[in-house]
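The values are calculated or read from the model by the stated rules, or taken from the named source; none is laboratory data. None of the values given here were measured: they were computed from a predicted structure. Don't worry about glycine lacking a Cβ; one is built from the backbone with ideal geometry, like all the others, and counts go over all protein chains shown. The protein model used for the area step is the full one, side chains on, heavy atoms only, and it has no ligands, DNA or RNA in it. Shrake-Rupley method; radii C 1.70, N 1.55, O 1.52, S 1.80 Å.
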Amino acid sequence: MTFPRQVPGVPLRSPVHELTTDVIYAEADGVPLRYDHYRPLGVTGAVPAVVFVHGGGWMRGDPSQAAGNALHLARRGIGTIAISYRLAPAHHFPAALDDVRRGLRWVRAHAGELGVDADRLALVGLSAGAHLVMLAHLARELPELSPALPPELRDVSEAVRAVVAHYGPYDLGRRRADMVDAFLGPRVEDPAWPRLASPIAHAAHATAPVLLIHGTGDEVVSWHESERMHAALEAAGKSSELLLLEGAPHAFQVNWRGEANQRANAAMDAFFDRHLVAPA
């Protein structure tokens, strides 16, 4: 089966990585759930890894978006499993969230065959994917968001060592937009529904350190979303760091040699050195 790839031509192998693309590991509502796996080379034993969630307004995008971050992390001996999820408007909240949580559990349950350390996992997301990784981390304590899971994954932990969220929307009740409406579906008019889908409302449930990265030139998602998410985490006594990149636009990683991306990578590297790379 062939899937569209937003970032074509990513090399399958280099001196630092080996890439396997579009591996189907499950199905939901007839939609294949798949992943790209970037395995770092030149390292021995089980490696720390990130579960990467792509952006695209919850309506488009695919795991190939991970390429830039994943190749960077492979040079540091960190693996990446970039997962897909069901897209709006065909599938409404919480379908995408359920798929992210299922993917995280699947990675932990299959850590041995993936060559990753189940006790050294992090979540990384871009834009809508940043919203999903934040909510996936926080929703574990919300019974009304318990995902439908196959029996073999129901007792698998969703705990992670760190969360990195790039330019995400975290308060879906703050302003109406077509993409938010498409994601939330027909229950969008119920004020409780956008609140349930908003990570900012559940900051007190964070257990892992969080790094929020956002450009102040973002015209798609205001950088104040990350500022407010950071403030909510700090107010709840949680570990949160905020990196604001002066003038950087949405999806600044497109210019992978640019100063914004270099600063974001440096911050992520330092964050993972503190919270992910060292054995538990």
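Laid out as a table, the results:
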{"item": "Filter result (surrounded by fewer than 20 Cβ atoms within 10 Å (Cβ to Cβ), of a type in the set (G, A, S) and under 16 Å from G77 (Cβ atoms)) within the range 112-128", "result": "G115"}
{"item": "Which numbered condition T44 fails, given (1) of a type in the set (S, T, N, Q); (2) open to solvent by 30 Å² or more (accessible area, probe 1.4 Å); (3) within 15 Å of V124 (Cβ to Cβ)", "result": "(3)"}
{"item": "Scan of the range 87-104 for residues that are touching a residue at least 24 places away in the same chain (Cβ under 8 Å) and among the aliphatic types (A, V, I, L, M), ordered by number", "result": "L87, A88, A95, A96, L97, V100, L104"}
{"item": "Boolean, L245 is more than 19 Å from the chain's Cα centre (by Cα), open to solvent by less than 30 Å² (accessible area, probe 1.4 Å) and hydrophobic (A, V, I, L, M, F, W, C)", "result": "yes"}
{"item": "Entirely in the range 133-237, the helices (runs of 4 or more DSSP H) that have 2 or more residues that are touching a strand residue (DSSP E or B) at 6+ places or on another chain (Cβ under 7 Å) and either open to solvent by 30 Å² or more (accessible area, probe 1.4 Å) or closer than 26 Å to Q253 by Cα (or both)", "result": "224-235"}
{"item": "Subset of the range 55-66 [farther than 15 Å from M268 by Cβ and surrounded by 24 or more Cβ atoms within 10 Å (Cβ to Cβ)]", "result": "G55, W58, P63, Q65"}
{"item": "Residues satisfying the stated conditions in the range 1-41, i.e. open to solvent by 30 Å² or more (accessible area, probe 1.4 Å), in a strand (DSSP E or B) and aromatic (F, W, Y)", "result": "Y25"}
{"item": "Exclusive hit being in contact with a Gly (Cβ under 7 Å, 6 or more places away or on another chain) and either free of Cβ contacts under 8 Å to residues at least 40 places away in the same chain or not aromatic (F, W, Y) (or both), set V7, V43, V31", "result": "V43"}
{"item": "Residue check for G42: over 16 Å from A128 (Cα atoms) and modelled with pLDDT under 95", "result": "yes"}
{"item": "Per-region count, the range 47-71, residues closer than 21 Å to D117 by Cβ and either basic (K, R) or out of contact with any Asp or Glu (no Cβ under 8 Å at 6 or more places or on another chain) (or both)", "result": "6"}
{"item": "Boolean, R101 is under 23 Å from W223 (Cβ atoms) and charged (D, E, K, R)", "result": "no"}
{"item": "Tally of residues being more than 29 Å from T44 (Cβ to Cβ) and assigned to a helix (DSSP H, G or I) across the range 111-132", "result": "5"}
